[in-house]
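What follows is a short report on a single structure.
Only the coordinates and a few stated rules stand behind these numbers; no lab work does. Everything quoted here is computed from the prediction, not taken from an experiment. A quick note on method: Cβ atoms are made from the backbone with ideal geometry, for glycine too, and the neighbour counts reach across all protein chains shown.
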Amino acid sequence: MACDEATAKSLIADNWNAVRQSVSETAERCGRSPDSVRVVGVTKYVDAEITDWLVEAGCHDLGENRPQLLESKFQTLDNSTIRWHQIGNLQRNKVRRLLPAEPLVHAIASERLLAALHNESLLQSRSIAGLIEINVSEEEAKTGLPIEQLEPLLVHWRDLAAASDSGLQIQGLMAMAGWGTDEAAAAKQFGKLRELRDRMESATGISLPELSMGMSGDYPAAIAEGATLVRIGTRLFQGVLPTG
Ligand SMILES: *Cc1c(COP(=O)(O)O)cnc(C)c1O
């Protein structure tokens, strides 16, 4: 840490309040209710103790990109008020151990992972919700499902879900703007995700209310384009991390 514990705690509380307020103001400016945007505090940069300070400050949605870290924080922290979010790439062999945390899984980008989550959630009798990650920037190296594969994947999920009355619930879409994209370019990509969602809802009749998009550098643009979940890390730990 770049400062002592008491200073770090109050910085985190100040950062949280500033982010929450900025998110609410941005939503209102866009004619949206402040409650329609949830802030997922991305805690991958800090250990369980510092993560807990963010919870104390009022952030109850926590995102981790590595399932092992999510699992270990789930085991360490008081989970009664925490909603976990697995925001990064997830391998199928990590699914079984991750599910006790009942996370919202943001980055489903293959039929195999989707099926693994569905089957394991049935086996463990846990309700698991997920989002499909879309490659909106269409860069070769980017993660996420190519746009044209979304409809077949949703139809496949509907067939799986129809055969059981529980299992994986797909609730929406997720995207990351390409690296080094400026805010105007990011806004275009977020708009593309929202249009894709609207198109898919009418094509399949599947309801996709959640849009997970926007990070520390581009969340205002994401909120303007309809984000319901923004994933914010760096901004919350400003002044606390050596690099922040
Ligand atoms: C790290 C991460 C974030 C948070 O990014 P910041 O720029 O630190 O706010 C959001 N989404 C994903 C998938 C991440 O891995």
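Odds and ends about this structure:
- Cα-based helix-to-principal-axis angle, 48-57 vs the chain, degrees rounded to 10: 80
- Relative contact order for the chain, counting Cα pairs under 8 Å that sit 6 or more residues apart, in percent: 22
- Helix axis angle, 67-76 relative to the chain longest principal axis, alpha carbon, degrees: 60
- Considering only 100, 80, 43, the residue lying farthest towards the positive end of the dipole of the chain is 100, judged by Cα position with unit charges set on Cβ.
- Charging the Cβ of each Asp and Glu at -1 and of each Lys and Arg at +1, and nothing else, the dipole of segment 1-57 about its Cα centre rounds to 400 debye.
- With distances taken between every two different alpha-carbon atoms, the chain has a Kirkwood hydrodynamic radius of 18.4 Å.
- Partner aspartates and glutamates for residue 9 [C-alpha distance under 15 Å; skip if fewer than 8 residues away on the same chain]: 47, 49, 52, 56
- Applying a threshold of 31 Å to the alpha-carbon distances of 44/142; 73/188; 73/192; 94/142 flags 73/188; 73/192 as lying beyond it.
- Separation of segment 63-120 and segment 203-244, taken as the distance between their Cα centroids, equals 18 angstrom.
- Cα long-axis angle, helix 5-29 against the chain (0 to 90 degrees, to the nearest 10): 50
- Charges were assigned to the Cβ only: +1 to each Lys and Arg, -1 to each Asp and Glu. The resulting dipole of the chain about its Cα centre is roughly 340 debye.
- Of the chymotrypsin sites (Phe, Trp or Tyr not before Pro) found in segment 1-110, none is in coil by DSSP with at most 12 other Cβ atoms within 10 Å of its Cβ.
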